[in-house]
Amino acid sequence: MGRTFLFVYTYTLPFALAHSMHHPLGAMLMIFFITYGYLGLEYVAMELDDPFGDDPNDFDDLGLARVVFEDIYMNIYKVDGKESLHILRHQVAERLEKSGALEDLRSSICEDMMHTSLDVLSAS
């Protein structure tokens, strides 16, 4: 419905401003910039309408989850040691396997992050 009002507004704007402007070039420039601004805002609203998806400009929720899990694992490793880290990773992997809905998250976090976080910690 909002796009319909925007469409009607942008196409009736020249008729509304035609009688109030004395210079046609000024009216054309004003109409262009107003229309360009409103259509630009509409395009941004369409892009922000669905932030979770596979588009390049969408929110990277899996990447953020990986970073959070890696930080938790590093802190557990620093505080409680390697054994507690492996216990936590095993518990997380079991829960993800039981749910079945997070196979990609489980495989990327529990397998890839195990190697990278331990390599980072052993290097420091």
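Which one is most open to solvent (accessible area, probe 1.4 Å) among residues in the stretch 34-71 that are among the hydrophobic types (A, V, I, L, M, F, W, C) and farther than 30 Å from PHE7 by Cα?
LEU64
Do any residues in the stretch 1-23 that are small (Gly, Ala, Ser) have Cβ atoms under 7 Å from those of residues that are assigned to a helix (DSSP H, G or I) and open to solvent by less than 100 Å² (accessible area, probe 1.4 Å), where the two are at least six apart or on different chains, and which pairs are they?
Taking only residues 6 or more apart or on different chains, the pairs are ALA18/ALA27.
Restricting to the stretch 11-42, count the residues that are modelled with pLDDT of 85 or more, polar (S, T, N, Q) and either under 33 Å from the mean Cα position of the chain (by Cα) or outside any helix (DSSP H, G or I) (or both).
Looking only at that region, the number is 1.
For the stretch 43-97, which positions are within 26 Å of the chain's Cα centre (by Cα) and not in a helix (DSSP H, G or I)?
Matches in the stretch 43-97: ASP49, ASP50, PRO51, PHE52, GLY53, ASP54, ASP55, PRO56, ASN57, ASP58, PHE59, ASP60.
The values are calculated or read from the model by the stated rules, or taken from the named source; none is laboratory data. Only a predicted model underlies this, so the values are computations on that prediction, with no experimental measurement involved. A quick note on method: Cβ atoms are made from the backbone with ideal geometry, for glycine too, and the neighbour counts reach across all protein chains shown. Remember, those area values only see protein heavy atoms, side chains included, never the ligands or the DNA or RNA. Shrake-Rupley method; radii C 1.70, N 1.55, O 1.52, S 1.80 Å.
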